[in-house]
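Here's the structure we're looking at; comments come further down.
The values are calculated or read from the model by the stated rules, or taken from the named source; none is laboratory data. Keep in mind that what you see is a predicted model, and the values were worked out from it rather than measured. Cβ: placed from backbone, ideal geometry, glycine included. Neighbour counts: every protein chain shown. Please note that ligands, DNA and RNA were not included when accessible areas were found on the heavy atoms of the full protein model with its side chains. Shrake-Rupley method; radii C 1.70, N 1.55, O 1.52, S 1.80 Å.
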Amino acid sequence: MAGHARQILERIVPGGRLLGIDRDPEAVMAGESTLAPFGPAATVVQGRFGELDRVAAEAGFARADLILFDFGISSAQLDNPERGFGFRSEGPLDMRMDPGSDLTAARIVNQFGESEIERILRDYGEERWARRIAKFIVARRPLRTTRDLAASVEAAIPRKAWPRDINVATRTFQGLRIAVNDEIAEIESGLRAALQILNPGGRMATISFHSLEDRPVKSFFIVESKDCLCPPQQAICTCGHRATLRIVTRRPVRPSPEEVAANPRARSARLRVAEKLKPPT
Ligand SMILES: C[S@@+](CC[C@H](N)C(=O)[O-])C[C@H]1O[C@@H](n2cnc3c(N)ncnc32)[C@H](O)[C@@H]1O
């Protein structure tokens with residue numbers, strides 16, 4: 001939707017150029033229209049974070065001074081029942097950010113084995129009831145809509161164990177969405193690609209919405225800010241690893257109470273920033 005892109009462009013023109021990348025063609029179209037007033041300073045293309053280096057090179061951005069990742073799904077995706085991300089309304093079991101990709105939530109819930117569904121809900125949804133929910137999903141096949149899925153979760157979790165702060169189906173929907181879009185692997189490969197094309201002294205920034213997204217960023221920044229990755233008990237370094245990043249935000253930056261009041265969906269956002277080191281001379 002290019003909300004951040006607009007803010008950045010206002011600070012870098014004239015002279016700067018910005019490339020926006022999203023795997024969702026609807027977001028690309030919305031971004032193009034938001035950024036149209038900036039003319040040739042802004043380019044928006046469809047692509048995945050994981051192939052950022054190739055996508056950027058093809059768009060004529062071989063190197064970058066700032067790379068900002070805003071992970072997860074957008075409000076536009078969540079609020080459109082046709083995309084299948086939300087448990088509140090009836091929609092198809094889709095959840096693909098890129099409607100051109102193969103895997104849908106319907107295929108996972110209707111064709112994957114029970115133990116694989118359990119693993120997805122536990123690992124990507126951090127759902128304590130993963131085993132029981134997977135069992136209920138398999139017993140109720142075929143599931144056709146988001147309401148069918150939400151109803152399976154509601155039936156699987158005893159009422160007195162329903163969470164107070166989030167919807168009972170939130171974790172299941174999150175787990176499936178992350179699996180459908182391979183989001184964690186995308187974050188990891190996106191960060192590596194960003195490091196490749198970032199200029200020395202340039203910065204990469206990430207906005208995560210939950211710990212599953214934040215964790216790979218935190219470990220990537222820690223590993224890339226260390227000169228040696230050998231075990232501490234080893235006296236002499238044999239790994240030869242050299243730091244490539246300096247961590248700018250020791251702790252993630254959280255939104256202010258005013259920002260959360262104005263935009264409640266920002267409440268769990270965490271911003272991390274790291275700067276690419278200049279190579280030793
Ligand atoms: C939180 S939203 C971004 C909102 C945007 N910053 C704004 O201000 O309107 C995340 C966006 O990233 C996209 N996205 C998520 N994972 C992606 C990936 N691996 N590659 C490309 N785009 C991705 C989603 O399609 C979604 O549009």
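Restricted to helices (runs of 4 or more DSSP H) entirely inside segment 1-85, those with at least 1 residues that are more than 19 Å from residue 196 (Cα to Cα) are 3-12, 25-35, 75-79.
A quick yes/no check of all residues on (1) open to solvent by 30 Å² or more (accessible area, probe 1.4 Å); (2) in contact (Cβ under 8 Å) with a residue 60 or more places away in the chain:
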{"residue": "6", "(1), (2)": "yes, no"}
{"residue": "11", "(1), (2)": "yes, no"}
{"residue": "14", "(1), (2)": "yes, no"}
{"residue": "24", "(1), (2)": "no, yes"}
{"residue": "36", "(1), (2)": "yes, no"}
{"residue": "51", "(1), (2)": "yes, yes"}
{"residue": "56", "(1), (2)": "no, yes"}
{"residue": "62", "(1), (2)": "yes, yes"}
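May I ask you to verify whether residue 260 is assigned to a helix (DSSP H, G or I) and surrounded by 10 or more Cβ atoms within 10 Å (Cβ to Cβ)? Yes. In segment 104-127, the condition of being under 20 Å from residue 24 (Cα atoms) and within 12 Å of the ligand (Cβ to nearest atom) is met by no residue.
Listed conditions (1) out of contact with any strand residue (DSSP E or B) (no Cβ under 6 Å at 6 or more places or on another chain); (2) open to solvent by less than 30 Å² (accessible area, probe 1.4 Å); (3) more than 30 Å from residue 245 (Cα to Cα) are all met by residue 84, apart from (1). Contact annotation: residue pairs with Cβ atoms under 7 Å, 6 or more positions apart or on different chains, pairing a residue in segment 243-256 that is within 21 Å of residue 195 (Cα to Cα) with a partner that is surrounded by 14 or more Cβ atoms within 10 Å (Cβ to Cβ) and polar (S, T, N, Q), are 243/225; 245/225; 246/225; 247/225. Which residue is nearest to the chain's Cα centre (by Cα), if the candidates are limited to segment 229-253 and must be open to solvent by 100 Å² or more (accessible area, probe 1.4 Å) and over 23 Å from residue 275 (Cα atoms)? Filtering first and then ranking leaves 232.
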